[in-house]
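Novice: Before I ask anything, let me first share the structure, which is written out below as C-alpha cells.
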Amino acid sequence: MDVVSGCQAFVSVSEHGGFTQAAAAVNLPQSVVSRRVAALERHLGEALFERTSRRVALTRFGSDLLPSARRLVRLADDLRHDAERARRRPFRLAVPGTCGTAALARLEAGARPEEVYLDLVTGGPEERAEMARSLAVRAALVAVPPDQGIWAVPLGLAGTGEPEGPVIHLESLRPGRSQAGERARVVRVQPEDDVPHVRDRLTRLRDAVGLRPAQVAVAPTLTTAVAEVLGSSDLLLCSPAQAIELGLAWRPVGEIRLARGYDVAAMAQADRERVHTRLEPLVAQCLGAQR
C-alpha cells in the first residue's frame, strides 16, 4: 500500500477532527480519504480512530502513532521539495560559438518544458571537448565527422555578392593569367571548422583545383573571418543559418559536400541521454542541422 498517502490522510483527519473536514482541506473526495485511512489501518493491524455517527476520535494506538506519521509526512514533503529543486538545478551544456544569441535563447527556452534548465557555455571544438573531460560542464556538443554524429550541419560558401549559379565551385577562385596582379579571393575558415574532417578535405580540394595555399585561410575568430569577407570579395565557409544571420549570400561547394558533425560528450550516461533524447530537435534547430 501507499503508506505516505495513508499517513497524510491519517494526519489530516486527526488535525481537522473528521473525515469531511479533512477531505475539504486536501481537496479530495471524502471516500478517498476514508479508503486511505482504512488501508493504513489494515497495513498497521489496528484501528487509528474510533468512529461514531457524531464524532471521530483517535484510539490509543492512533495517538501513539500520530507523531511518527507526522514525521513521515514532513519527510515526504521535504523529499518532493528537494526533488523539485534538483530538477531545476542548471544543466551546464557547452555549445559551439557559431550559435547566435536568438538560437541559444530558443534552445534554453524550449528546454524548460522538458524540465531541463540549461546554463549554456560557448567555446571552440577543442575547448568544448576539454570541458566535458574535466567536468567543467555536464555535457558538451563535440565535433565529430558528420557520419558519426547525431547532428549534421551543411557547409557552403557565403559572400556579400549574390552568386550567379546554384553552387560555387572552388576552382572558380583560381586566378587566371589576366589576373596576375590582382588579389586572389580567399576562403575564410572559422575556428569551428578548423577540424580534420572539414579542414583537411577543403585543403585537399584546394590543391586539386590549383588554388594557392593562402587561398584557404583559418581565421583566429569568427568575427575576424566575417570582417575579411565584408570588406572584400572573399568567401566564408559557414552554414546556411549563419549566412542568414550575417546577411551573406550562401551556396554549397560545387566539388564536394562539406558538413559539421556533432555528438554529445558527457561523463554520465544519463546526462548524455538527457541531451540526446529530450533535447534532440531543439539542439538541431540551434545548430542549423538537417533533420
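Quick note: the coordinates plus some simple rules give every number you see, no bench work behind them. Being a predicted model, the structure only gives us computed values, none of them experimental. As a convention, Cβ positions derive from the backbone with ideal geometry for all residues, glycine included, and neighbour counts pool all protein chains shown.
Novice: Among the strands (runs of 3 or more DSSP E) confined wholly to the range 22-100, which include 2 or more residues that are surrounded by fewer than 17 Cβ atoms within 10 Å (Cβ to Cβ)?
Specialist: Per the criteria, 49-51.
Novice: Please work out if ILE256 is among the β-branched types (Val, Ile, Thr) and either without any contact (Cβ under 8 Å) to a residue 12 or more places away in the chain or in contact with a Gly (Cβ under 6 Å, 6 or more places away or on another chain) (or both).
Specialist: no
Novice: What are the residues in the range 1-19 that are surrounded by fewer than 14 Cβ atoms within 10 Å (Cβ to Cβ) and under 17 Å from THR52 (Cβ atoms), if any? Let's see the steps before the verdict.
Specialist: Of all residues in the range 1-19, those surrounded by fewer than 14 Cβ atoms within 10 Å (Cβ to Cβ) come to 1-2, 15, 17.
Across the range 1-19, the qualifying residue is only GLY17.
Novice: Please go through the range 103-122 and give me each residue that is assigned to a helix (DSSP H, G or I) and touching a residue at least 40 places away in the same chain (Cβ under 8 Å), ordered by number.
Specialist: Kept after step one, since they are assigned to a helix (DSSP H, G or I), are these residues of the range 103-122: 103-114.
Within the range 103-122, ALA103, LEU104, ARG106, LEU107, GLY110, ALA111, GLU114 meet the criteria.
Novice: Pairs under 7 Å by beta carbon, first residue farther than 14 Å from ALA289 by Cα in the range 144-162, partner in a helix (DSSP H, G or I) and among the hydrophobic types (A, V, I, L, M, F, W, C), six or more apart or different chains?
Specialist: Filtered contacts from the range 144-162: ALA158/ALA243; GLY159/VAL229; THR160/VAL229; THR160/LEU230.
Novice: Of the residues that make up the range 205-213, is at least one on the phi < 0 side of the Ramachandran plot and under 24 Å from the mean Cα position of the chain (by Cα)?
Specialist: Among the residues of the range 205-213, not one is on the phi < 0 side of the Ramachandran plot and under 24 Å from the mean Cα position of the chain (by Cα), which makes the answer no.
Novice: Taking the condition of being assigned to a helix (DSSP H, G or I) and more than 22 Å from GLN285 (Cβ to Cβ), how many residues in the range 200-225 meet it?
Specialist: Final tally of qualifying residues: 15.
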